[in-house]
1. How many nm separate the modelled label positions at residue A:10 and residue A:53, each set 7 Å beyond the Cα in the direction of the Cβ?
2. Find the accessible area per residue for chain B; the probe is 1.4 Å, ligands and nucleic acids are left out, and the unit is Å².
3. Contact order normalised by length for region B:18-97, with contacts defined as Cα pairs under 8 Å and 6 or more residues apart; what percent is it?
4. Label points 7 Å out from Cα along the Cβ direction at residue A:62 and residue B:57: separation in nm?
5. If I stretch the segment between residue B:45 and residue B:30 completely, what's the gain in nm (0.36 nm per residue apart, minus their alpha carbon distance), one decimal?
6. Each residue of region A:58-65 in turn: what ³J(HN,Hα) in whole Hz from Karplus with 6.51, -1.76, 1.60 and θ = phi - 60°, glycine and Pro shown as x?
7. Remind me, what semi-axes does chain B give for its equivalent ellipsoid, largest first in whole Å, using sqrt of 5 times each Cα gyration tensor eigenvalue?
8. Taking the radius of gyration and the Kirkwood hydrodynamic radius from Cα positions alone, what is the Rg/Rh ratio for chain A, to two decimal places?
Amino acid sequence: NAGVMQNPRHLVRRRGQEARLRCSPMKGHSHVYWYRQLPEEGLKFMVYLQKENIIDESGMPKERFSAEFPKEGPSILRIQQVVRGDSAAYFCASSPRDRFGATRNTEAFFGQGTRLTVV
Amino acid sequence: LAKTTQPISMDSYEGQEVNITCSHNNIATNDYITWYQQFPSQGPRFIIQGYKTKVTNEVASLFIPADRKSSTLSLPRVSLSDTAVYYCLVGDDNFNKFYFGSGTKLNVKP
């Protein structure tokens, strides 16, 4: 069972270009989370998606950033008109469920991340 | 959003037991305590989770006092490969609400 797959691992974009980051969750997982990590900092939540639905995008910047998780294919995090401040590691995580009964489990599995560099 | 406080860094030597304590004074009744490990250039990896008292798995132990306002991750006999950042997270079963913070950078020396 392959883990969470993110591609590309490294992405270089010039200011003003678009960046597309892809995430394929683990098999059987229907919940995807995107996090951003700046150097020497912790991860910051961006968005939580289920298939064809954005559940929580409270961590997403209001402009230039968008995310989707279509019925078929990977989840995509899209950054339009990138700026230098967008340079960071972007991690995707997936989990099989988001709510349990008595046996709560908040474990999520992370991908290797995509390192975006804006030049 | 329950936040956590951890030491920024810790040093240890191979073979020692390492205890990393996390404070979470505002933990809610439904919240669980979860620890993740992150190596450089990799995504975080789940280590252990608990609600109260003590939890042990093949990697670590987690000690949680009765008031649950803190927790301690215990790593037995660390090796160089345990050098990583360790994050303490507090939340209910909504993973998207977890606050990672800056974590504790553990440096294991030979």
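1. 3.9 nm
2. 48 Å²
3. Normalised by residue count, the contact order of region B:18-97 is 40 percent.
4. 4.0 nm
5. 3.1 nm
6. 5, x, 8, x, 5, 10, 6, 9
7. Semi-axes from the Cα gyration tensor: 23, 15, 12 Å.
8. Rg/Rh: 0.97.
The values are calculated or read from the model by the stated rules, or taken from the named source; none is laboratory data. All of these numbers come straight from a predicted model, not from anything done at the bench. Please note: Cβ atoms are built from the backbone with ideal geometry, for glycine as well, and neighbour counts cover all protein chains shown. We work out accessible area using only protein heavy atoms, side chains counted, and drop any ligands, DNA or RNA first. Shrake-Rupley method; radii C 1.70, N 1.55, O 1.52, S 1.80 Å.
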